[in-house]
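The values are calculated or read from the model by the stated rules, or taken from the named source; none is laboratory data. From a predicted model like this one, the values you see are computed outputs, not experimental measurements. All Cβ positions, even for glycine, are placed from backbone atoms using ideal geometry, and neighbour counts span all protein chains on display.
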Amino acid sequence: MTAISSTLFNQIGSIQSRALTIGVILVLGGLLYAFAMDDMSGFYQAYLVGYMICAGITLVCMAFIMLHHLIGGRWGFVIQRLLEAAMSTLPVLLVLFIPIVLGMHDLYHWTHAEVVAVDPILQHKASYLNVPFFLVRTAGYFAIWIIASFLLIKWSRAQDTSGDPRLLDKMRNVCGPGVVIFALTMTFASFDWIMSTDPHWFSTLYGVMMIVNSGGAALSFIVIMMTWLRKHEPISGLADADRFHDWGKLLLAFTLLWFYMMLSQFLIIWAANLPEENPWYVHRVHGGWEVVSVVLVLCRFVIAFFLLLSIPRKRDPSRLVRVAWFILAMHLVDIFWHVAPNFHPGGFAVSVLDVIVPIGLGGIWFYFVLNRLKRNPLIPQKDPRFEELVESVSKSSVAKA
Amino acid sequence: MNHGPAQPELRGLIAEFENEEAIVAATQKTVDAGYHHIETYTPYPLDELLDIQHLHKNKVALVILIGGLTGCAVGFFMQYFASVIHYPINVGGRPLNSWPAFIPVMFECTVLFASFSALIGMMVMNKLPRPNHPLFDIERFRYATQDRFFLCIEAEDPYFEKDATRQFLEELNPHEVNEVEA
């Protein structure tokens, strides 16, 4: 049980190469298409959507690890290695940020000096929204995230060999402040990367909203991965119906939170009806965007909510995984809905790029997740909390047999 | 022991077991034998018994769902009635039927009605409140809250026959078997 089995290793390897091939083909294909159609700004928008999906899932996985180390619980133990694999992609995400820097002029209106010169609101915001400070902040976020994830992965691996109980304390010392710092950095990253594509508009709720959106996507990703990995040792014995029930319940909670965030922001802006706040929604309820808005709330909340209410569906991986794919697909629509109307306020516009570039970027990201996943044992070894878990699982499975 | 001329109606037969393993095994055999109307009484909850008796599904969930949806509708129409029909007031040019503003109250009414449905539904289905129960007439039943485990096969079960069922329970090696009078 120290390393993963060679069958699984090979299986991961072949999925990995397929993910990378598809990813690179789609992203490069999108790039060529954008060149041919002279639509580079369309490419950058689609890239930003894909980037926010990958970065969001990665960062929430890191937050889940931090929560798991702090509060424990069986739901987190089985997925710990998967979450670590996901957060190990942070250095890759730093590299993948380069296209966004290259596309800054197309993505962020506030980078144009001639626009700022005639816009008092942007002049007022210039001390925050300027290119050097934007780059410094992004570098700062990544520095914090990479250091935290590096330490957590390093100690988790050290625990595999030494079993030193002090390592858990060390991890907890990082995780306590880490949860707070994560919430702050992800909030500001959401402000910088997504919210500032409409630089006049602001919402203090935006960061939490992005955390919650990404949380639903991250849980869907976890359910999809565990449905696959549960066919292999040692996950097969540990990821039983109770664990899927746990993840299903969390997915339901994040579905409710998603609607809560969407409604809180909408209701406050709708009720106040102030000219500096409401254009964001005005764009999203006119010119065809209202269809996307309604479909999004119907699918991501109403349908997902009623599907997830059922206990048998949450306990059956093969049924839960379908809901998870559905939510992941809706997450793409969700982030698209956050980004695209800012560039097409006049009316609904979607191009082939908006589909292929995020999926391609996801493929590349997934390659690096699997690359880390296959190198370590799938279950943390010698964790002080492990014995307790195995005991309780084996006890309940004996009773069911 | 003689029951006298007017023999009271039988509610069921109850067997006492000394430990967790014994009651789990006995319940499994009872379910396998085809009995449906059975009850188990243990000092602490046993998940295994829920699995064996298929008690994970309960009808309270449906009652809660219906209660919640009713609450949601009531919350909406209450506000609709107040702000559209009864007191139509123009607030900042917004439509009278300002449904986005109704949502928080609709949500609260959903939670309120769902909670009450849960409580009342649970009480009705468990036939609560009930100060006394025929089981309390059995001397040893008080140990169900301490260290003994009880399995009761109720007389309403189609397979229930007083002597055959008694013999069946005796074969499960209980500490003792008692009759529960209605």
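The table below gives the values:
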read-out: Unmet requirement for A:S293, which otherwise passes all of (1) of a type in the set (G, A, S); (2) over 23 Å from the mean Cα position of the chain (by Cα); (3) within 13 Å of another protein chain (Cβ to nearest Cβ); value: (2)
read-out: So B:L49, is it within 10 Å of chain A (Cβ to nearest Cβ), surrounded by 14 or more Cβ atoms within 10 Å (Cβ to Cβ) and more than 25 Å from B:F116 (Cα to Cα); value: yes
read-out: Flag for A:H200 being more than 14 Å from every other protein chain (Cβ to nearest Cβ), touching an Asp or Glu at 6+ places or on another chain (Cβ under 7 Å) and in contact (Cβ under 8 Å) with a residue 24 or more places away in the chain; value: yes
read-out: Count of residues meeting criterion [of a type in the set (V, I, T) and either touching a Pro at 6+ places or on another chain (Cβ under 9 Å) or within 14 Å of chain A (Cβ to nearest Cβ) (or both)] in the stretch B:85-95; value: 1
read-out: Which listed residue, of A:V350, A:V355, A:V321, is part of a loop (DSSP other than H, G, I, E, B) and either within 14 Å of chain B (Cβ to nearest Cβ) or hydrophobic (A, V, I, L, M, F, W, C) (or both); value: A:V350
read-out: Filter pass, A:F259 being in a helix (DSSP H, G or I), surrounded by 18 or more Cβ atoms within 10 Å (Cβ to Cβ), within 12 Å of another protein chain (Cβ to nearest Cβ) and not aliphatic (A, V, I, L, M); value: yes
read-out: Tally of residues being within 14 Å of chain A (Cβ to nearest Cβ) and either surrounded by 13 or more Cβ atoms within 10 Å (Cβ to Cβ) or not in a helix (DSSP H, G or I) (or both) across the stretch B:54-78; value: 16
read-out: Test: residue in the stretch A:28-39 that is in contact with a Ser or Thr (Cβ under 8 Å, 6 or more places away or on another chain), in a helix (DSSP H, G or I), of a type in the set (F, W, Y) and more than 28 Å from A:K231 (Cα to Cα); value: no
read-out: Qualifying residue in the stretch B:35-43 (condition: under 24 Å from the mean Cα position of the chain (by Cα), in a loop (DSSP other than H, G, I, E, B) and at pLDDT 90 or above); value: yes
read-out: Only one of A:L353, A:L361, A:L373 that is within 19 Å of A:M226 (Cα to Cα) and buried (at least 19 other Cβ atoms within 10 Å of the Cβ); value: A:L373
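Residue-by-condition table, conditions (1) under 30 Å from A:L256 (Cα atoms); (2) part of a helix (DSSP H, G or I); (3) within 14 Å of chain A (Cβ to nearest Cβ); (4) in contact with a helix residue (DSSP H, G or I) (Cβ under 7 Å, 6 or more places away or on another chain):
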residue	(1), (2), (3), (4)
B:M106	yes, yes, yes, yes
B:L119	yes, yes, no, no
B:M122	yes, yes, no, yes
B:D163	no, yes, no, no
B:V177	no, no, no, yes
